[in-house]
Each structure stands twice: as C-alpha cells, then as structure tokens.
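Working notes, structure below.
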C-alpha cells in the first residue's frame with residue numbers, strides 16, 4: 001500500500017471542514033507550481049505537471065486556478081504580500097526602537113545618557 005501524500009487530510013467523518021481542505025489543496029498546488037515553474041520555466045509548465053507534483057488531479061488544479069497564468073499570478077501575489085509583511089514588521093520594529101524626539105536622537109548621537 002502506498003503512503004499517503006504529505007499534507008493529505010483524513011477522509012470521512014474525521015475530515016476537516018471543506019474550507020480547510022480547500023485551503024490545504026491551494027497551498028499544496030502553490031508549492032507544486034513553484035517547483036514546476038522553477039524546474040521547467042513558465043512556458044513549459046503545464047497544469048498536468050503541477051497537479052502531478054501536488055499529488056492531485058488536473059480537475060483539482062482547475063477547481064483552484066483557471067490556467068497556469070492564474071497560478072503564477074497567485075504565486076507572485078503571495079510572494080509580494082510576504083515581502084510587504086516583512087517590510088511592515090521591520091518598520092514597526094525600527095519605529096519602536098528609534099528615538100521618539102529630535103532631542104532624544106541628538107542626545108544618543110552625542111553619547112549622553114537619557115534624562
């Protein structure tokens with residue numbers, strides 16, 4: 001008996017809700033698409049190759065994406081959002097660590113202790 005594909009959900013009454021399963025499928029397809037695009041390039045990537053890499057059928061691929069272009073745009077959007085989230089976090093951390101006033105910055109630059 002073959003081992004189940006990593007990340008597959010249990011079936012039957014123990015299965016997670018539909019939205020959870022669909023989200024898991026989307027994540028698996030995105031990871032597979034990234035691998036296929038990296039290995040084959042966009043022009044040679046196919047829905048069949050992406051679905052096979054994810055351990056799913058082409059029908060499941062088309063339930064989540066209209067075509068390969070839709071899939072790569074979703075990957076780009078997710079990557080851009082991850083970069084923006086990292087930038088937001090870095091800006092918030094910097095703002096929390098930065099001196100609040102000009103006078104405080106000048107004291108720090110001069111090596112003076114805070115009042």
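Things to note:
- Sequence-separation-based contact order of the chain, relative, with Cα cut under 8 Å and 6+ spacing, percent: 16
- FRET E, pair residue 110, residue 81, Förster distance 41 Å, beta-carbon r, rounded to 0.05: 0.50
- Cα-based values for the chain, radius of gyration first and Dmax second, are 23.0, 72 Å.
- Estimated FRET transfer efficiency when R0 is 35 angstrom, pair residue 14-residue 91 (beta carbons, to 0.05): 0.20
- Here the sum of -39500 (n - 2.57) over DSSP H runs of 4 or more residues, divided by the residues of the chain, equals -22000 deg cm²/dmol at 222 nm, to the nearest 500.
Just so you know, all these numbers are worked out from the coordinates, no wet-lab data involved. Bear in mind that the values here come from a model prediction, so they are computed numbers and not experimental data. No Cβ is skipped: glycine too gets one built from the backbone with ideal geometry, and neighbour counts run over all protein chains shown.
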